[in-house]
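**Student:** Got a structure for you, questions after.
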Amino acid sequence: MRKARHAPTIRAVGRALPKHYADQETLIATFRDAWAGAHFNVERLEELHRAVQVSGRHLAVPIEQYKELVSFARRNEVWTDVAVDLGEVAVRDALKRADLEPRDVDHLFFVTTTGIATPSIDARLTNRLALRPDVRRTPIFGLGCAAGAAGIARAADYLRAYPDRVAVLLSVELCSLTLQRDDFSIPNIISSGLFGDGAAAVALTGAAHAASGDAAGPRVTATGSVFYRDTERVMGWDIVDTGFKVVLSAKVPDVVHEHVRADVDAFLAAHGLERARIRHWIAHTGGPKVLKAFEETLELPADALARSWKSLRETGNLSSAAVLFVLGELLDSHEAQKGDHGLLMSMGPGFFSELVLLQW
C-alpha cells in the first residue's frame, strides 16, 4: 500500500439540499391522487413507499409544480437551472470548510446521472464561481449511485499525478425530475418512494500542496473497481421519449451477497488489511435491503452503518451524492482518530462496485 503521507487528502465535504421539502406521507398522498385514476393498486403503492423507510425528501421544485413538467425537455431545463444553483452552494461550502478559495481549484470533476447539459454544469459553474480560466474540467455521466465514490477515486488519481494541486468533486442528483408518471411498474414505484434530490462537493489536495500538512481529513490511500459481467439490466436507465425510465432489479441485494465480501476482502488484503482493521464504514444508502445486505455479508459490527441508515431516513437515496453525505457526516463528527482506516463503498449501473480506502 502506498504510504498514507504520499496520498491525496480529503479536506472537506460540502452539501446542499433544495429548500422544498415534503414528508413521506405527503408524497404518498400526492402519488395516490395522481395514480388512483389509472386504476393502480394504491394500497400496494403505500406499502412500497413505507417499506423504503424514508421519512421525507427534498425536492428540486415545489411539489405542486411537478404536474406542469410534462416533457423531458422541460424537466431537463429545470434540472440544469437547479443543478447550477445547488452545485454552487455545495462547492462554496466545501471550499469554505477546507479554507480554500475558488481561485485555488485546479480541476473540477462533475458527476451526475439525472440530467444532461452542454455546456456541462461544471462549465456553467466556472463562470458562476469565477474559477480560473485555466481550470481543468471533467464531467462524468452514467455511473449512477457509484459515481460519488468513483469521482473521489478519479480526483485522487489526478492528484497523485499533480500532488501540488487542488481538485473538487461535485455531485448533483435531482432524481425527482426523472419520475415517469405513466410508468406503473414496481421499479418506478419504488424509485418514486426512495430517491431524493441533493448535491455534495468534496475538496481534495495533493500530498505536496501547502494546505495538506495540517489537514485533519483522511487520505485516499487506495481505490478499486470491480465490474460484474452481464449485469447491465440490474440498474440504469432506458432512454424513452419522456426521458429516463428507471431500470431497477430486485437482484441488487443478491449481487451484494454474492460479490461484496470477496471483493472487499481481496481489496483490503492487497493493501495489508482485513475487515477487522476498518474503523469507519461509509456505505451508499441504496435502500433498506441493500444496507442489510452490506451488514450481513461483511459481518459488520452493530451500528457500523448508522450514518447511512440515518441519511436514508432523512433524505432518501441521493444517488451519487448519497455516500458523500454520509462521508460528510463522519467528518463533521470528528470521531475518526489519527491512524484509523475507513472504507467508502458504493455500487452502480454496469453493474459494478467502487471502493475507496481512507486513512486518517
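**Student:** Among the strands (runs of 3 or more DSSP E) contained in segment 192-261, which hold 3 or more residues that are within 23 Å of Leu355 (Cβ to Cβ)?
**Tutor:** Result: 197-205, 219-227.
**Student:** Which of the residues that make up segment 99-158 are β-branched (Val, Ile, Thr) and without any contact (Cβ under 8 Å) to a residue 60 or more places away in the chain?
**Tutor:** Of everything in segment 99-158, those that are β-branched (Val, Ile, Thr) and without any contact (Cβ under 8 Å) to a residue 60 or more places away in the chain turn out to be Ile116, Thr118, Ile121, Thr126, Val135, Thr138, Ile140.
**Student:** Take the residues in segment 293-311 that are outside any loop (DSSP other than H, G, I, E, B) and surrounded by fewer than 16 Cβ atoms within 10 Å (Cβ to Cβ); name whichever of them is nearest to the chain's Cα centre (by Cα).
**Tutor:** Lys310
**Student:** Something else: Determine the pairs where a residue that is without any contact (Cβ under 8 Å) to a residue 60 or more places away in the chain and surrounded by 13 or more Cβ atoms within 10 Å (Cβ to Cβ), located within segment 19-30, has a partner that is assigned to a helix (DSSP H, G or I) and among the aromatic types (Phe, Trp, Tyr) with Cβ atoms under 9 Å apart, the partner being 6 or more residues away or on another chain.
**Tutor:** Filtered contacts from segment 19-30: Thr30/Tyr66.
**Student:** Provide a single number: the residues in segment 312-358 that are under 14 Å from the mean Cα position of the chain (by Cα) and assigned to a loop (DSSP other than H, G, I, E, B).
**Tutor:** Number of matching residues: 3.
**Student:** Another question about this same structure. Answer yes or no: is there a residue in segment 155-175 that is in a loop (DSSP other than H, G, I, E, B), modelled with pLDDT of 95 or more, under 30 Å from Glu25 (Cα atoms) and under 16 Å from the mean Cα position of the chain (by Cα).
**Tutor:** Taking every residue of segment 155-175 in turn, none turns out to be in a loop (DSSP other than H, G, I, E, B), modelled with pLDDT of 95 or more, under 30 Å from Glu25 (Cα atoms) and under 16 Å from the mean Cα position of the chain (by Cα).
**Student:** Would you please list the contacts, defined by Cβ atoms under 8 Å and residues six or more apart or on different chains, that run from a residue in segment 61-80 that is touching a residue at least 40 places away in the same chain (Cβ under 8 Å) and in the same structural domain as Ser120 (by TED's automatic domain parsing) to a residue that is loosely packed, with under 11 Cβ neighbours inside 10 Å and among the charged types (D, E, K, R)?
**Tutor:** Here the result reads Phe72/Asp241, each pair linking segment 61-80 to a residue that is loosely packed, with under 11 Cβ neighbours inside 10 Å and among the charged types (D, E, K, R).
The values are calculated or read from the model by the stated rules, or taken from the named source; none is laboratory data. Model, not experiment: these values are computed from the prediction. Ideal geometry is used to build each Cβ from the backbone, glycine not excepted, and the neighbour counts take in all protein chains shown.
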